[in-house]
Amino acid sequence: MLRQSVFAAVGYTLIVFPFALIWHVGLFEEAYHAFGYFEGEPNIPLGLVTIVLQGILLSIMYTIFAGSKPSFSQAVRFCVLVGAFLWTSHVLALVAKQNVSDAMWFVVMESLYLGLQFGAFAIVLGFVFRGAD
């Protein structure tokens, strides 16, 4: 399972890092500045390190969650659970901690972003761990 965990972590990074850049710093940069999401310019190298660490940790956590029976349905359940946890700590907590202009639009945008992120990661996990024993 170590090899699959490494592949899953790499897959997470290769999907999430470019997606995060395109979403937050490309397509919707003005909106995120207006929300107060960024103070100054984003630190892209630190963002990459963060995503690499997330990929490693999430891949290890999935092996514990799935046990000896990883499957696509297990991957989806795991990603829904982890995505929901991160949604509450990332999206709702930001709105609760600071005055976000147009908070509802921020919640909608970040919910869509996290849904796409964890939907893609569920697919990665399902493929990487298929047939793993």
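The values are calculated or read from the model by the stated rules, or taken from the named source; none is laboratory data. Everything numeric in this text was worked out from a predicted model, so none of it was measured. Neighbour counts are summed over all protein chains in view; Cβ atoms, including those assigned to glycine, are modelled from backbone coordinates with ideal geometry. When the accessible area is computed, the model is the full protein with side chains, heavy atoms only, and any ligands, DNA or RNA have been set aside. Shrake-Rupley method; radii C 1.70, N 1.55, O 1.52, S 1.80 Å.
Quick one: in the stretch 91-133, which of the residues that are under 30 Å from GLN4 (Cβ atoms) and among the small types (Gly, Ala, Ser) is most open to solvent (accessible area, probe 1.4 Å)?
GLY131
Output the residue which, of all residues in the stretch 35-47 that are in a helix (DSSP H, G or I) and surrounded by 15 or more Cβ atoms within 10 Å (Cβ to Cβ), is modelled with the highest pLDDT. Walk me through it before giving the result.
Of all residues in the stretch 35-47, those in a helix (DSSP H, G or I) come to 35, 44-47.
Next, from what is left, pick out any that are surrounded by 15 or more Cβ atoms within 10 Å (Cβ to Cβ): 35, 47.
On the way: PHE35: 89, GLY47: 94.
So the residue we want is GLY47.
Taking GLY115, is it within 16 Å of ILE15 (Cβ to Cβ), touching a helix residue (DSSP H, G or I) at 6+ places or on another chain (Cβ under 9 Å) and not hydrophobic (A, V, I, L, M, F, W, C)?
Answer is yes for this residue.
Output the residues belonging to the stretch 6-33 that are over 15 Å from ILE51 (Cα atoms) and part of a helix (DSSP H, G or I).
Answer for the stretch 6-33, where residues must be over 15 Å from ILE51 (Cα atoms) and part of a helix (DSSP H, G or I): VAL25, GLY26, LEU27, GLU29, GLU30, ALA31, TYR32, HIS33.
Could you identify the single residue in TYR32, TYR62 that is surrounded by 18 or more Cβ atoms within 10 Å (Cβ to Cβ) and more than 30 Å from PHE129 (Cβ to Cβ)?
Of TYR32, TYR62, the one residue that is surrounded by 18 or more Cβ atoms within 10 Å (Cβ to Cβ) and more than 30 Å from PHE129 (Cβ to Cβ) is TYR32.
Return the pairs, sorted by first residue and then second, in which the second residue is surrounded by 14 or more Cβ atoms within 10 Å (Cβ to Cβ) and not in a loop (DSSP other than H, G, I, E, B), the first residue lies in the stretch 47-70 and is free of Cβ contacts under 8 Å to residues at least 24 places away in the same chain, the beta carbons are less than 6 Å apart, and the residues are 6+ apart or on different chains.
Listed pairs, sorted by first residue: PHE65/PHE78.
Residues VAL95, VAL108, VAL76: which one is in a helix (DSSP H, G or I), out of contact with any Asp or Glu (no Cβ under 6 Å at 6 or more places or on another chain) and under 21 Å from ALA9 (Cβ atoms)?
Within the list VAL95, VAL108, VAL76, the selection yields VAL76.
For the structure I just gave you, tell me whether VAL52 is modelled with pLDDT of 95 or more and open to solvent by 70 Å² or more (accessible area, probe 1.4 Å).
no
Which residue out of MET1, MET109, MET104 is closer than 23 Å to PHE129 by Cβ and of a type in the set (A, V, I, L, M, F, W, C)?
MET1
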